[in-house]
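Engineer: The structure follows.
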Amino acid sequence: MEYCFHRHSDDFSNCWSISKRDHLAPREYVSKIRKHGVYDPIAELVRVNPVASIIVDTETFHIVIANEAVAQLLGYRTAQLEEHSLLEFVPMEDVAAVQHAAEEPPPEGETRWRCLRKDGSLVYVKVKYRDTIFRGRPARFVVATESSTAPFH
């Protein structure tokens, strides 16, 4: 069973599903989340997503929210990812391309990028992203899966 929480604004309207935890009623579940910090349904959506996901501030490139799947993919803890800029996780020669991509509208479908793991090795990822507003700032919601082929950006 899933519960649906709504967020509405002029340019963004979506239904975010959050899985039921510990067989709690919706009110008890929300109460449990709020007890451990400020309740944010968008952040919770990213955190519970089984696919590697982040929210990135598009002006600063700061990773605002990261989930466990992306942490495992790159070899970091989520808190470590959230302390840094996305640009620190791409090879230096790809930084300009990432900055340019942030100025363009999100592409239809997916694109491929190279990322750096904690051990310094490269991982090729297929990414899909879309623009959003997160905590009042322009951001991108990014979902990534590991790819066996080189990027084509």
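Quick note: the coordinates plus some simple rules give every number you see, no bench work behind them. As the structure is a computational prediction, the values presented were derived from the model and not from experiment. Every residue, glycine as well, gets a Cβ built from its backbone with ideal geometry; the counts of neighbours run over all protein chains shown.
Engineer: For the peptides 95-101, 52-58, what is the packing order when you average, over each peptide's residues, the other Cβ atoms within 10 Å and list the highest mean first? The partial results should precede the final answer.
Structural biologist: Values: 95-101: 14.4, 52-58: 22.4.
By packing density, highest mean first, the sequence is 52-58, 95-101.
Engineer: In nm, to one decimal, how far is the ARG137 label point from the GLU110 one, both placed 7 Å along Cα→Cβ?
Structural biologist: Result: 2.8 nm between the two label points.
Engineer: Find out how many positive minus negative residues lie around VAL142, taking Lys and Arg as positive, Asp and Glu as negative, among other residues whose Cβ is under 9 Å from that of VAL142. It would help to have the intermediate numbers written out before the result.
Structural biologist: Numbers: positive: LYS128, ARG130, ARG140; negative: none.
Computed value for this residue: +3.
Engineer: Quick one: which of 43-49, 75-81, 106-112 comes out on top by average Cβ neighbours within 10 Å, and what's the full order, highest first? The partial results should precede the final answer.
Structural biologist: Working: 43-49: 18.3, 75-81: 15.3, 106-112: 12.4.
Result, highest mean Cβ count within 10 Å first: 43-49, 75-81, 106-112.
Engineer: Additional query: Need one number: nm distance between label points at HIS100 and TYR39, each 7 Å from Cα along Cα→Cβ, rounded to one decimal.
Structural biologist: In this crude label model, HIS100 to TYR39 measures out at 4.5 nm.
Engineer: Sticking with this structure for a sec: All other residues with a Cβ under 15 Å from the Cβ of VAL123 taken together, and with Lys, Arg as +1 and Asp, Glu as -1, what is their net charge? Intermediate values should be presented prior to the final figure.
Structural biologist: Working: positive: ARG112, ARG114, ARG117, LYS118, LYS126; negative: GLU88, ASP94, ASP119, GLU146.
Overall, the nearby charge balance is +1.
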